[in-house]
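Every number here is computed from the coordinates shown, using simple stated rules; none is lab data. From a predicted model like this one, the values you see are computed outputs, not experimental measurements.
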Amino acid sequence: MKTSLLDLLVCPLCLPREIALTAVITAERGGDIGEGALTCPGCGGSYPVREGIAFLDPAARMETKPPSKYETAPVVSSYLWSHYGDILGDPEASSAYAEWAGLVSGGSGAVLDIGSAVGRFAFEMSRTHDFAVGIDNSVAFIRAARELLVRGRKAVALREEGLLTREETVVLPGQWRTDRVEFIVADALALPFRSGSFAAAASLNIADKVPLPLQHLREANRVTRDREAQFLLSDPFSWSDEVARPEDWLGGTATGLYAGRGLDNIAALLAGKDRLLMPPWRVAGRGSAWWKIRTHVNHFELIRSCFVKAER
């Protein structure tokens, strides 16, 4: 983890109090913390840094995190293809990540990619902003993203059929500034950052994957600047009661506080509805991008991810 990130970090367990973490570094090279711990003087909690990765997900620290499909090699492989298939030259690849990156205008300050998975959007943001941070609660995703960050390349075994695989190597384009990117393990519902730390934030295909979508929006709003800020949310709104209670969804129901379509409700919240996301945002655009996941050579998921871009 880059030492430049330390000034932004707070204890996620102590939120809404923002208590700065203290670094105990046992291995560092060139401003990169390889091994150590981040400790909280408030609750006494300690978050490890191992092999350059800071583990700031409270659930992982408390050993209450259930097993997840997102930690498995086939799913990591599918997401690597989803993020970088166009770089591999695959004619079946989606252009969604390049499209989303094009919606966030360049400027000074840092960008937060919430639910970064294997890192494409954060790398894209390194071309246009001072710094980009990707967070995800999947350790396997963050390990893959950081391998790309450190080595500039990563081998990926793409499933062809059954047990047959084809190995490809993702090589990052030279215009992506890896010195301006970092990835950490963290929770979208308890972001370990000071309020107002980021000039822009993105939530890509995660609003329907968290148990409390409104809390996710509140956290994204909290860590984004009050002025001269951008927010991009894109989601297929595949609400599921296996992930969240229907009463906590932000759309997809006929009755309740957030009856109707998710994109409409989120746009209204950003614009100031119920004064939950303040200061209010100005909705600058809405649309959709086609996003793909590859399971094997003959099986793809094609997903319409609907976006809202907001500014303030």
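Assorted remarks:
- For the stretch 133-202, the alpha carbon positions stretch 47, 29, 18 Å along the principal axes, listed from largest to smallest.
- Reduced Cα scattering model of the stretch 166-221, Debye log10 I(q)/I(0), q = 0.17, 0.20 Å⁻¹: -0.75, -0.89
- Whole-Å distance, taken between Cα centres, linking the stretch 62-121 and the stretch 281-312: 12
- In this structure, the amide hydrogen of Ile53, modeled 1.01 Å from its nitrogen in the peptide plane, lies closer than 5 angstrom to no residue at least 5 positions away or on a different chain.
- Directionally averaged shadow of the stretch 1-159, computed from the convex hull of its alpha-carbon atoms, nm²: 10.5
- Share of pairwise Cα separations in the stretch 161-312, more than 18 Å, in percent: 64
- Volume of the convex hull of the stretch 1-54 (Cα atoms only), normalised per residue: 60 Å³.
- Hits among lysines - C-alpha to C-alpha of Lys309 under 27 Å, sequence gap 8 or more where chains match: Lys209, Lys273, Lys292
- Backbone HN-Hα couplings from phi across the stretch 247-252 [Karplus 6.51/-1.76/1.60, Hz, Gly and Pro as x]: 5, 9, 5, 9, x, x
- Per-bin percent of Cα-Cα distances, the chain [20 Å]: 33, 60, 6
- Across the chain, the relative contact order, built from alpha-carbon pairs under 8 Å that are at least six residues apart, equals 16 percent.
- Directionally averaged projected area (the stretch 233-285, Cα convex hull): 3.9 nm².
- Less than 5 angstrom separates the built amide H of Thr165 from those of Glu160, all sequence-distant by 5 or more or on a different chain.
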